[in-house]
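Asks: Mind having a look at this structure? Questions to follow.
The values are calculated or read from the model by the stated rules, or taken from the named source; none is laboratory data. Keep in mind that this is a model prediction, so the values were computed, not measured. As a convention, Cβ positions derive from the backbone with ideal geometry for all residues, glycine included, and neighbour counts pool all protein chains shown.
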């Protein structure tokens, strides 16, 4: 039998091309999931996209839908998911299905808590069907109001909101299945991912909202004074890190921050978007008083990502924002 841990990455790629492994992506019609499906196809994987379309959209899959197996279904329904595992020889699972968006998760906390069932179902079925790798999309939200900066994977977590609690519980379940059953799991703590396909409505995320406002000649609205910091990761960098996780031998049972390690203030983000859209002198950020309990600072220590995945992000903020802005211009 060939020992895959001893062969080169080039030979491993050739080996995979011969056997065409099958990957299940839950939440594959969402912003991040749809990009992941596309990149997996480019690496010659067979892709099964499983999504209930509650927040995802088939529009995100337009270019690739003829080449993937799209199944409409809900991970929180065990029987629906069970059929997918029984009818397909799945090798790898990316569990990205979740209720997402700050406003949406605050408005529907019970729906968020239901996602615990989906995580449990994925793990039970992956263990039963001897899946080679399960990769879980966690979130920087598990840190809550940070106790330390930058935030370290094995440091303090302060999850309070339902979404953050579910993600933290998901990480613990992944770890438990690794320890109890030797199921190869990895949890990736995503920091602020942005790029094409991201929702820009009030239920979306700050980069898309700012770009949408600027393109409509509306001053980007900042809650508070704009000095709060976040770590913004372009979607292509996020996907690259996730793909590297598949074959990274030291990631089993681990939790890994996926970020740039470079904090950016919300004010700087707004001004960068205004400049890239050539709206200087026309628009200035608008500050409004916030009654939201926003986290002041959030950015990660990324040394574990660099060590285990041998990865450093390629896109500077200006580059990622330029590509994202170009995409928004095309659809408006």
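Asks: Using the structure shown, decide if residue 134 is at pLDDT below 95, more than 22 Å from residue 228 (Cα to Cα) and surrounded by 21 or more Cβ atoms within 10 Å (Cβ to Cβ).
Replies: The answer is no for residue 134.
Asks: When the residues of segment 116-131 are filtered to those that are surrounded by fewer than 21 Cβ atoms within 10 Å (Cβ to Cβ) and more than 15 Å from residue 25 (Cβ to Cβ), which remaining residue is nearest to the chain's Cα centre (by Cα)?
Replies: Within segment 116-131, the match that is nearest to the chain's Cα centre (by Cα) is 116.
Asks: Further question on the same structure: Are any residues in segment 178-197 touching a strand residue (DSSP E or B) at 6+ places or on another chain (Cβ under 6 Å) and under 24 Å from residue 250 (Cβ atoms), and if so, which ones?
Replies: 178, 184, 185, 186, 187, 188, 189, 190, 191, 193
Asks: Here is a follow-up. Hey, could you check segment 141-166 for residues that are assigned to a helix (DSSP H, G or I) and modelled with pLDDT of 95 or more and say which is farthest from the chain's Cα centre (by Cα)?
Replies: 143
Asks: Residues that are surrounded by fewer than 16 Cβ atoms within 10 Å (Cβ to Cβ), farther than 24 Å from residue 119 by Cβ and either modelled with pLDDT under 95 or under 20 Å from the mean Cα position of the chain (by Cα) (or both): does segment 41-55 have at least one?
Replies: For segment 41-55, residues surrounded by fewer than 16 Cβ atoms within 10 Å (Cβ to Cβ), farther than 24 Å from residue 119 by Cβ and either modelled with pLDDT under 95 or under 20 Å from the mean Cα position of the chain (by Cα) (or both): present.
Asks: Can you find even one residue in segment 81-102 that is in a loop (DSSP other than H, G, I, E, B), in contact with a helix residue (DSSP H, G or I) (Cβ under 9 Å, 6 or more places away or on another chain) and surrounded by fewer than 15 Cβ atoms within 10 Å (Cβ to Cβ)?
Replies: No, segment 81-102 contains no residue that is in a loop (DSSP other than H, G, I, E, B), in contact with a helix residue (DSSP H, G or I) (Cβ under 9 Å, 6 or more places away or on another chain) and surrounded by fewer than 15 Cβ atoms within 10 Å (Cβ to Cβ).
Asks: Continuing with the same structure: Taking the criterion of being touching a strand residue (DSSP E or B) at 6+ places or on another chain (Cβ under 6 Å) and farther than 28 Å from residue 161 by Cα, would at least one residue in segment 93-111 satisfy it?
Replies: Within segment 93-111, none of the residues are touching a strand residue (DSSP E or B) at 6+ places or on another chain (Cβ under 6 Å) and farther than 28 Å from residue 161 by Cα.
For every residue, the table says whether it meets (1) under 27 Å from residue 247 (Cα atoms); (2) in contact with a strand residue (DSSP E or B) (Cβ under 7 Å, 6 or more places away or on another chain); (3) in contact (Cβ under 8 Å) with a residue 60 or more places away in the chain.
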| residue | (1), (2), (3) |
| --- | --- |
| 46 | yes, yes, no |
| 56 | no, no, no |
| 65 | yes, no, no |
| 127 | yes, no, no |
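Asks: Say we look at segment 3-29 and pick out the residues that are at pLDDT below 95 and part of a loop (DSSP other than H, G, I, E, B); which of these is surrounded by the most Cβ atoms within 10 Å (Cβ to Cβ)?
Replies: Here the residue is 7.
Asks: Hey, another quick one. Considering segment 206-217 alone, what residues qualify as being in contact with a helix residue (DSSP H, G or I) (Cβ under 8 Å, 6 or more places away or on another chain) and either at pLDDT below 95 or within 21 Å of residue 290 (Cβ to Cβ) (or both)?
Replies: Selection gives 206, 207, 208, 210, 211, 212, 214.
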